[in-house]
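Only one structure is covered here, and it is reproduced in the block below.
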Ligand code: NI
Ligand code: MN
């Protein structure tokens, strides 16, 4: 069974006995990060979009570990041009079986610029990820609004664990994340992208109660602190 480790903001590691995958490894300058970029050792790196708080240390980790980078095609090109040797371009709605697990890209309603790209050529459609490792599906929504597509994602996939942004301002807030949880029907929902910046400060304490009430007890909300792990 996969183990989820939270490194703050939107960065998670998903590990099985054989493989570790890191999602949105923003560690340097991340005030919540419990580890440094150099402590990450992984087989795969999934990047939801090019904003600095998600792209983060992804290229540096790819160059050091030779881990396979998975991103939408335009963002994948950024990694290829940056010298990463193992890069797999995908796009929304597409799935692929990797050695570390099965990955499918989901829609995310958000901005697509790439941090540090002055040409604008890597601008991409942001995405979320469905990651199936050892038969357990983890859904990392990326940065997104509440969207009707989530109902389809919930209908088509048995999600063990949904990682949803709740900070508001740049993404959906708590109320919309509760609604997203109803549509996604995960066993567990874990909030992320919160209390890192000025405009995304939220009191998460009512979230578990609201999730329980709105899902009629079918979904449990788990609040993770950086460094915490959760057995999926
Ligand atoms: Ni963003
Ligand atoms: Mn963000």
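When the chain is treated as a GNM with alpha-carbon contacts under 10 Å, the residue of 17, 74, 220 showing the greatest mean-square fluctuation is 17. Dividing the mean sequence gap of close Cα pairs (under 8 Å, 6+ apart) by how many residues the chain holds gives a relative contact order of 18 percent.
Tell me what the chain gives for mean residue ellipticity at 222 nm when only DSSP H runs of n ≥ 4 count, each as -39,500 (n - 2.57), the sum divided by the residue total, rounded to 500 deg cm²/dmol. Walk me through the numbers on the way to the answer.
Values: 6 runs with 48 residues, N = 232.
So the helix-based figure for the chain works out to -5500 deg cm²/dmol.
In terms of its C-alpha gyration tensor, the stretch 1-155 has a rounded overall shape, because the principal axis ratio a/c (a ≥ b ≥ c, square roots of the eigenvalues) stays below 1.5.
The C-alpha atoms of the chain define a longest principal axis, and helix 174-184 lies at about 90 degrees to it. Between the stretch 211-232 and the stretch 147-186, how far is it from one alpha carbon centroid to the other, in angstrom? Distance between centres, Cα-based: 13 Å. Listed by Cβ neighbour count within 10 Å, with the fewest neighbours leading, 133, 1 appear as 1, 133.
R0 = 25 Å: FRET efficiency of residue 199 with residue 115, Cβ-based, nearest 0.05? Please list the in-between numbers first.
Details: r = 18 Å, r/R0 = 0.72.
In this case the efficiency is close to 0.85.
Read the figures in this text as sums done on the coordinates, not as results from a lab. Predicted model only: the values in this text are computed from it and were never measured. Positions of Cβ are backbone-derived with ideal geometry, glycine not excepted, and every protein chain shown enters the neighbour counts.
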